[in-house]
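Asks: One structure coming up, written as structure tokens, with questions to follow.
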Amino acid sequence: MTGGIVQKNSDNFRRRRLSKRGGHRLMSEINVTPFVDVMLVLLIIFMVAAPLLTVGVEIELPKTTAKALPSEKEQPLTLSITKEKDLFLQDNRVIFSDLIPKLKKIAEQRNDKRIFIRADGENTYSTIMEIMGALNNANFNNISLVTESGGISY
């Protein structure tokens, strides 16, 4: 006993506290802070990148309650009509007089004769029908009109 302080089994206490690996005690808790940090960074990246992934012509589609069509093997052929009545075949601008010859060439190379029409909601019925008639003359008989979901249900 030195100086009035009693030390009992201080070596045993130290041995119990420390493990065999590097002199530190094993932690039984998982540190999730780095995981949360990585997830928040990924969330911000996806929030910024998501609007950039919508590629194509800017069109205000009409809304409907119809369900989406199943996906296909080939990339669908899309004709977009802006509110200024400009035509875009896929992403390439096309003049109405050149539309039929281009579509006939495309029809020879494709198995699927389906074409999707993405028309701005401000277009008139007669404009859409005129273009659908031209598509029918080019042997594209399977015409699908693209809309956005969330319309009024009657």
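The values are calculated or read from the model by the stated rules, or taken from the named source; none is laboratory data. Because the structure is predicted, anything quoted here is derived from the model rather than measured. With ideal geometry, Cβ positions are generated from the backbone for all residues, glycine too; neighbour counts draw on all protein chains shown.
Asks: Would you say LEU99 is at pLDDT 85 or above and of a type in the set (A, V, I, L, M)? Talk me through it step by step, then tell me what you get.
Replies: Values: at pLDDT 85 or above: yes; of a type in the set (A, V, I, L, M): yes.
Judged against the criteria, LEU99 is a match.
Asks: List pairs: first residue in segment 25-40 and free of Cβ contacts under 8 Å to residues at least 40 places away in the same chain, second residue assigned to a loop (DSSP other than H, G, I, E, B) anywhere in the structure, Cβ distance under 9 angstrom, at least six positions apart or on different chains.
Replies: Note: pairs meeting the criteria are ARG25/LEU18; ARG25/SER19; LEU26/SER19.
Asks: Name the pairs: first residue in segment 128-146 and farther than 9 Å from ILE115 by Cα, second residue not in a helix (DSSP H, G or I), Cβ to Cβ under 6 Å, at least 6 apart or on different chains?
Replies: Between residues of segment 128-146 that are farther than 9 Å from ILE115 by Cα and residues that are not in a helix (DSSP H, G or I), the close pairs are ILE128/ALA119; MET132/ILE143; VAL146/PHE116; VAL146/ARG118.
Asks: So is GLU72 modelled with pLDDT under 80, charged (D, E, K, R) and exposed (fewer than 10 other Cβ atoms within 10 Å of the Cβ) or not? Spell out the reasoning first.
Replies: Numbers: modelled with pLDDT under 80: yes; charged (D, E, K, R): yes; exposed (fewer than 10 other Cβ atoms within 10 Å of the Cβ): yes.
It is true that GLU72 is modelled with pLDDT under 80, charged (D, E, K, R) and exposed (fewer than 10 other Cβ atoms within 10 Å of the Cβ).
Asks: I've got another one for you. Exactly one condition in (1) modelled with pLDDT under 65; (2) on the phi < 0 side of the Ramachandran plot is not met by LYS67; state its number.
Replies: (1)
Asks: Here is a list: GLY121, GLY133. Which entry is part of a loop (DSSP other than H, G, I, E, B), surrounded by fewer than 15 Cβ atoms within 10 Å (Cβ to Cβ) and modelled with pLDDT of 80 or more?
Replies: Values: GLY133 fails: part of a loop (DSSP other than H, G, I, E, B).
When all the criteria are applied, what remains is GLY121.
Asks: Please find, within segment 70-122, the residue that is farthest from ASN136 (Cα to Cα) out of those that are among the aromatic types (Phe, Trp, Tyr) and in contact with a Ser or Thr (Cβ under 8 Å, 6 or more places away or on another chain).
Replies: Within segment 70-122, the first condition is being among the aromatic types (Phe, Trp, Tyr), and the residues that meet it are 88, 96, 116.
Restricting the remaining residues to those that are in contact with a Ser or Thr (Cβ under 8 Å, 6 or more places away or on another chain) gives 88, 116.
Numbers: PHE88: 17, PHE116: 13 Å.
Looking at residues that are among the aromatic types (Phe, Trp, Tyr) and in contact with a Ser or Thr (Cβ under 8 Å, 6 or more places away or on another chain), I get PHE88.
Yes/no matrix, rows are residues, columns are (1) among the basic types (Lys, Arg); (2) within 22 Å of PRO62 (Cβ to Cβ); (3) in contact (Cβ under 8 Å) with a residue 24 or more places away in the chain:
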residue	(1), (2), (3)
LYS83	yes, yes, yes
ILE100	no, no, yes
LYS105	yes, no, no
ASN111	no, no, yes
